[in-house]
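S.K.: One structure, pasted below without further comment.
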Amino acid sequence: MGDTSLMNNSIDRPIAVRPGENLDVTRLCPFLWDALNLEGENEVLQYPSGFSNLTYMLRIGENEIVLRRPPVGSKPKSGHAMKREHDVLTALSGSFPYCPKPLIYCDDETIIGSPFYVMERIEGIIVRRDFPTGMSLSPEEIRALFDRVVDVHVELHSVDFRAVGLEHLGDPEGYVERQIGGWSDRYRKARTPDVPDCEDIMSWLEENRPPDSGPGCIVHNDFRLDNVVLDPADPQRIIGVLDWEMATLGDPLMDLGASLAYWVEQSDPAGFQAMRMMPTTADGAPTRAEVVARYAAKSGLEVDDFGFYYCYGLFRLAGIVQQIYYRSYHGQTEDPRFKNLNLWVGGLAAAAGAVAGVSP
């Protein structure tokens, strides 16, 4: 598995806060001192990954906590999203042991300029595009790790959402139809002249839409390896699942399709390989078909043809990326990571079109 000291150096660590995304500690820290009974000198750092909600680590005395807030300048509805995310973590904390423990939610925008919530920090390894230095896994260990990721996804879908008080999180009935219509509408509204129109893809998804697969479940909507925290002492052990901002009630196969949109294989075209965000091309990593087969075996769901769900996942991801790119295209953000995301949108659209057998 590699040298333990090297793997400890691979723990996901925050860095200096990006310009324009600073927190006003003159109001924030006194609020947290009082609300959470903390004391000591403070330091604010930022986790650099992610394109949506902003995540910070606050070091107050000997305590390290994590703060989540909407993007700077975001619309008021983001405050509701913060409350939802906090409430999901609160509800799941006793039934899904991988959730970080929420500590407090605050809707007083005079503190930092937006609603926010604070949760415990889960210290561990987060694997991104490639395995970190020192994390040397054999092909068999890589397979076991990815299998465990699939198993935890099944565990989430198996949680009784009514028993944990999340029956009002969403409406699972009609979820497939709403997702296709919703993402088609969002893509059209966010489209810029330098990306495909995806009209044929949207038509194909609507024409081939299957019925909902079962009574519904809690769906994470962004379940992938770089939202999973691994134990530094045993990097095949999952100790956390992060980024719950899009969680709702819906169709488990749609959630799996959304996850597989990120799953790049060794045999995929070079253009698609360039968008890889996880080490799914490493020797030992399962193929998308093998992931689906394991999920079906573990969940008990019958999956006759996963093409629709995979195409949906690719198109949905194109829509997410396009919404982010739209902000950059129209000068609403100066984040340099966003400037060429139209290329990602084109690549995802091409992949979705290939699955559907239509032009992007």
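S.K.: Please report, in whole Å, how far the alpha carbons of the range 53-197 spread along each principal axis, starting with the longest.
M.R.: Taking max minus min along each principal axis of the Cα atoms, the range 53-197 gives 45, 45, 42 Å.
S.K.: What's the carbon and sulfur percent of the range 198-324's accessible surface, probe 1.4 angstrom, rounded to a whole number?
M.R.: Carbon with sulfur: 49 percent of the solvent-accessible area.
S.K.: Now, a different point. Where the centroid of each part is defined by its Cα atoms, how far is the range 244-304 from the range 103-178 in Å?
M.R.: Each part's Cα centre sits 15 Å from the other's.
S.K.: Further question: Within the accessible area of the range 101-195, what % is carbon and sulfur when the probe is 1.4 Å and the other protein chains stay in place?
M.R.: Heavy-atom surface of the range 101-195 belonging to carbon and sulfur, 1.4 Å probe: 46 percent.
S.K.: Write out the trypsin sites (Lys or Arg not before Pro) in the range 298-344 meeting two conditions: DSSP loop, and at most 15 other Cβ atoms within 10 Å of their Cβ.
M.R.: LYS339
S.K.: Next up: Two decimals, Cα atoms only, Kirkwood Rh: what is Rg/Rh over the chain?
M.R.: Radius of gyration over Kirkwood radius for the chain works out to 0.95.
S.K.: Further question on the same structure: Quick one: what are the phi-derived ³J(HN,Hα) couplings along the range 180-197, Karplus 6.51/-1.76/1.60 with θ = phi - 60°, whole Hz, x for glycine and proline?
M.R.: 5, x, x, 6, 5, 5, 5, 5, 4, 5, 9, 5, 10, x, 9, 10, x, 7
S.K.: Quickly work out the SER136-to-SER267 label distance, labels modelled 7 Å from Cα along the C-beta direction, and quote it in nm with one decimal.
M.R.: Roughly 3.1 nm, to one decimal.
S.K.: Determine the per residue accessible area of the range 95-174 with all protein chains present and a 1.4 angstrom probe, expressed in square angstrom.
M.R.: That works out to 45 Å² for each residue.
S.K.: Further question on the same structure: When only DSSP loop residues count, what chymotrypsin sites (Phe, Trp or Tyr not before Pro) in the range 98-130 have their Cβ near at most 14 other Cβ atoms within 10 Å?
M.R.: none
S.K.: Compute the orientation-averaged projected area for the range 262-360 from the convex hull of its Cα atoms and round it to one decimal in nm².
M.R.: The Cα convex hull of the range 262-360, projected and averaged over all directions, gives 7.5 nm².
S.K.: How long are the semi-axes of the equivalent ellipsoid of the range 288-330, defined as square roots of 5 times the Cα gyration tensor eigenvalues? Whole Å, largest first.
M.R.: Taking √(5λ) for each eigenvalue gives 32, 9, 7 Å, largest first.
S.K.: Still on this structure, I have one more. What number of lysine-lysine pairs in the chain show an alpha-carbon separation below 28 angstrom, given a sequence spacing of 8 or more or placement on distinct chains?
M.R.: Total qualifying Lys-Lys pairs in the chain comes to 11.
S.K.: Can you tell me the length gained on complete extension of the stretch ASN340 to ALA144, counting 0.36 nm per residue apart and subtracting the Cα distance?
M.R.: 67.1 nm
The values are calculated or read from the model by the stated rules, or taken from the named source; none is laboratory data. Note that the structure is a prediction, hence the values are computed from the model and not measured. When we count neighbours, we look across all protein chains shown, and the Cβ atoms used for this are built from the backbone with ideal geometry, even at glycine. The accessibility values were calculated without ligands, DNA or RNA, using every heavy atom of the protein model including side chains. Shrake-Rupley method; radii C 1.70, N 1.55, O 1.52, S 1.80 Å.
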